[in-house]
Amino acid sequence: MIDYRIKHVKGYDEKIGELVSMLEHARSVTLKDVAGLTQNELDFLPDENSNSIGSLLKHIAFVEYVHQIITFENRDLNDEEYSKWAAAYELGEKARNEINHHPLEFYLEELSAIREKTLILLASKQDSWLYEEGKWNNGVPFNNYWFWYHVMEDEISHRGQIRVLKRQLAVQRC
């Protein structure tokens with residue numbers, strides 16, 4: 001059963017524990033929404049410009065992965081990492097061609113492994129880390145808190161797309 005309370009999670013500083021609570025809630029709703037989907041449903045494309053549910057799940061995993069690198073390693077993707085994740089990052093045609101023919105477990109395992117690492121890394125930080133700042137090349141400031149807010153925001157946004165695709169699937173079956 002999903003818990004609809006944001007609360008401190010033990011093993012983390014106060015604010016980080018609340019962030020973990022929100023990350024975990026967002027993920028549990030996503031997992032509930034994709035539970036039981038078949039490979040064909042995960043690969044479904046309602047038109048030639050859409051992203052599949054599988055591609056969106058891989059993108060959700062990518063966003064969390066890249067934010068680990070940016071915030072915990074203070075760097076961007078290297079060429080090898082970019083090559084591995086390019087389709088999930090770019091979505092669109094590249095994803096339609098490369099991210100398909102996988103069962104749900106493939107996506108769930110990737111999401112789980114990345115989240116497990118996130119939780120370990122977050123447990124190693126103090127709340128002050130959330131407020132550490134940097135600047136983009138164009139001078140716009142950011143902090144680590146924003147990056148992890150964006151991980152949730154991105155997942156929730158793409159979960160909305162997944163729900164639309166599921167409704168389109170249901171209509172197609174009728």
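Some notes on this structure:
- Residue count for the range 127-174 under the criterion of being open to solvent by 50 Å² or more (accessible area, probe 1.4 Å) and assigned to a helix (DSSP H, G or I): the result is 16.
- Scanning the range 155-169 for residues that are free of Cβ contacts under 8 Å to residues at least 24 places away in the same chain and either on the phi > 0 side of the Ramachandran plot or of a type outside the set (S, T, N, Q) (or both) gives 160, 164, 167.
- In the range 54-80, the residues that are under 19 Å from residue 136 (Cα atoms) and free of Cβ contacts under 8 Å to residues at least 12 places away in the same chain form Cβ pairs under 7 Å with partners that are of a type in the set (A, V, I, L, M) and open to solvent by 10 Å² or more (accessible area, probe 1.4 Å), at six or more places apart or across chains, as follows: 76/70; 77/66.
- Residue 11 meets the conditions (1) closer than 19 Å to residue 148 by Cβ; (2) within 14 Å of the chain's Cα centre (by Cα) in every case but one. The failed one is (2).
- Being without any contact (Cβ under 8 Å) to a residue 40 or more places away in the chain and either in contact with a helix residue (DSSP H, G or I) (Cβ under 8 Å, 6 or more places away or on another chain) or open to solvent by 30 Å² or more (accessible area, probe 1.4 Å) (or both) is true of residue 25.
The values are calculated or read from the model by the stated rules, or taken from the named source; none is laboratory data. This one's a predicted model, so the numbers in the text were calculated from it and none came from an experiment. Every residue, glycine as well, gets a Cβ built from its backbone with ideal geometry; the counts of neighbours run over all protein chains shown. Please note that ligands, DNA and RNA were not included when accessible areas were found on the heavy atoms of the full protein model with its side chains. Shrake-Rupley method; radii C 1.70, N 1.55, O 1.52, S 1.80 Å.
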